[in-house]
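A short worksheet on the structure shown next.
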Amino acid sequence: MNTRLITPDDAVTAIRRKINQKWAEAVCAELGVGERVTFSVPLRPGVSTGKAVEQIGHAAWHEWHMRWREFAGQLPVGVEIVCKTVSVRGVTGEFPATLIADLDAAVALVAEAGSGARTDAEPPSVDVDRARTLASSLRSAGAVLIPATLRATYRLQTADAEVLINAVTWLRQHPDASAWTARQLPVPGMHTKWLDTHGTLLRDVTERDVRNEVRPRLTVVHLTYVDPDHAATGRRRHDAWTTGDVHDIAYRPRIVLIVENRDSRLWFPPVKDTIVVEGGGKAAATLLANVPWIRAANHIVYWGDIDADGYTILDQFRAALAKPTPDGAPAKPVTSILMDATDLHRYAQHGVNHDKAGRPIKPSSATLPHLTEAEATAYDIIATVGPTPFRRIEQEAIPLTHAATRLLDGMT
């Protein structure tokens, strides 16, 4: 073992690190979950004999001992320095060996470190009072209280933590959540997308995955019929299809084109045997992947904005259709139009760096494994954290006639 003398500064730093590592275990133990936690630091590892002191040097040993003697008079209540004997030059004495503290004392020690140790010491990273309040609330609501769930709850904003407790209470009172969709759950304070963000934690603290219990939200697909033969009949051009409804689409398409902007769908030029579908943004993969008539098309094509979000949607949509559906429909490939590196340069005059609210468009570090090489090149250019001419080309800026031509070229 390497011999070392731990200074008061070093000990405070070590205690702070241990608080960060074990505060949740300590708080849970106070409520009977797990073993009691103490925070301890050995103050002279490997130095227990006069010979070891000789190796360190008597001057260094004396200076270290004096610093601990001074520091001991400044310790908060509850912090203990355990001393053990060492014989130095034939004289046996009691010298500091271990610093020990419970959670409150350890936090106080770190908080007050500036008065007795280094003046730039950081405060504890955890608010113990808040942690205890959250732990008690979880326990009172009947939640699963373990260090992992306490840590996850502590990381929530105050409002979200309150919703979590409300949700645990509500679920205990409602053993069956199938009468509601995820957005209809009448949990106090729960907004429509709360469950999307915090559903995993709610599952962990209730041992129920309410996301699988709630009534599924029906897929509603807004679409435009662009087949010229259909248009000649004078029947409706724009339609909506809902999962499970008796209404069916007007014809079975050979080509399904997914677009992200409504104007692009509404005004798309005539293309034979084609239906243009409005994708719904980042929900496209979830909403459209299992629509049977989309899966049955010969060609499924995606066209979105040339920006980080557009490529993310394409990547997720392609990944979703690469898997068979639960009812056995086979995997389907997804191609794209107007989204490769050539298109990025061709339409560069339409590139922008700010969104519609005037905010700078941020780079993206997401890895998108389902892009083609040409798509990935374009994504890397617009999403880089480094300099780039622009970060977005909106779909609406590209003439629809160009899109129709590219779509037909890709089918030949």
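The values are calculated or read from the model by the stated rules, or taken from the named source; none is laboratory data. As the structure is a prediction and not an experimental result, all values here were calculated from the model. Here the Cβ is made from the backbone with ideal geometry for all residues, glycine too, and neighbour counts use every protein chain on show. Quick note on the areas: whole protein, heavy atoms, side chains included, nothing else; ligands and nucleic acids left out. Shrake-Rupley method; radii C 1.70, N 1.55, O 1.52, S 1.80 Å.
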- Query: Ignoring ligands, DNA and RNA, what percent of the accessible area of region 291-412 is carbon or sulfur (1.4 Å)?
  - Reply: 56 percent
- Query: Got the relative contact order for the chain handy, in percent, Cα pairs under 8 Å and 6 or more residues apart?
  - Reply: 10 percent
- Going by the alpha-carbon gyration tensor, a ≥ b ≥ c the square roots of its eigenvalues, is region 116-218 rounded (a/c under 1.5) or, if a/c is not under 1.5, prolate (a/b greater than b/c) versus oblate? prolate
- Here the net charge surrounding residue 363, from other residues whose Cβ is less than 13 Å away from its Cβ (Lys, Arg +1; Asp, Glu -1), is 0
- Query: If ligands, DNA and RNA are left out, what is the accessible area of residue 345 with a 1.4 Å probe, given in Å² to the nearest 10?
  - Reply: 120 Å²
- Note on the structure: Scoring only Lys, Arg, Asp and Glu (+1, +1, -1, -1) among other residues with Cβ under 11 Å from the Cβ of residue 26 yields -1
- For residue 154, net neighbour charge (Lys/Arg +1, Asp/Glu -1) across residues whose Cβ lies under 9 Å away: +2
- Task: Provide the packing ranking of 127-138, 351-362, i.e. peptides ordered by the mean count of other C-beta atoms within 10 Å per residue, highest first.
- Result: 127-138, 351-362
- Spatially proximal lysines relative to residue 323 (Cα-Cα < 23 Å; intrachain offsets below 8 disregarded): 282, 332
- Sulfur and carbon atoms: percent of accessible area, region 155-256 [1.4 Å]: 49 percent
- Taking H as built 1.01 Å from N, whose amide H comes closer than 5 Å to the amide H of residue 392, not counting residues under 5 places away? 352
- Message: I'd like the Karplus ³J(HN,Hα) series for region 180-194: coefficients 6.51, -1.76, 1.60, θ = phi - 60°, whole numbers in Hz, and an x wherever there's a Gly or Pro.
- Response: 10, 7, 4, 8, 9, 4, x, 8, x, x, 7, 7, 5, 10, 4
- Among rounded, prolate and oblate, which fits the chain when a ≥ b ≥ c are the square roots of the eigenvalues of its C-alpha gyration tensor, a/c under 1.5 means rounded, and a/b larger than b/c means prolate? prolate
- Query: For the chain, what is the accessible area per residue in Å², given a 1.4 Å probe and the full set of protein chains?
  - Reply: 51 Å²
- Task: Provide the three semi-axes, in whole Å and in decreasing order, of the ellipsoid equivalent to region 207-298 as defined by the square roots of 5 times the Cα gyration tensor eigenvalues.
- Result: 28, 14, 11
- Query: Top to bottom by accessible area (1.4 Å), largest first, where do 227, 196, 309, 245 land?
  - Reply: 196, 245, 309, 227
- Message: How long are the semi-axes of the equivalent ellipsoid of region 41-119, defined as square roots of 5 times the Cα gyration tensor eigenvalues? Whole Å, largest first.
- Response: 26, 13, 10
- Given 0.36 nm per residue, what is the gain on full extension from residue 331 to residue 80 after removing their alpha carbon distance, in nm? 83.8 nm
- Here the tail fraction of P(r) beyond 18 Å, over all Cα-Cα pairs of region 257-379, rounds in percent to 55 percent
- When the convex hull of the Cα atoms of region 66-183 is projected onto a plane and the area is averaged over all directions, what value comes out in nm²? 11.0 nm²
- Express in nm, to one decimal, how much length is gained between residue 405 and residue 263 on full extension, taking 0.36 nm for each residue of separation and deducting their alpha carbon distance. 49.4 nm
- Share of antiparallel DSSP beta bridges in the chain, in percent to the nearest 5? 65 percent
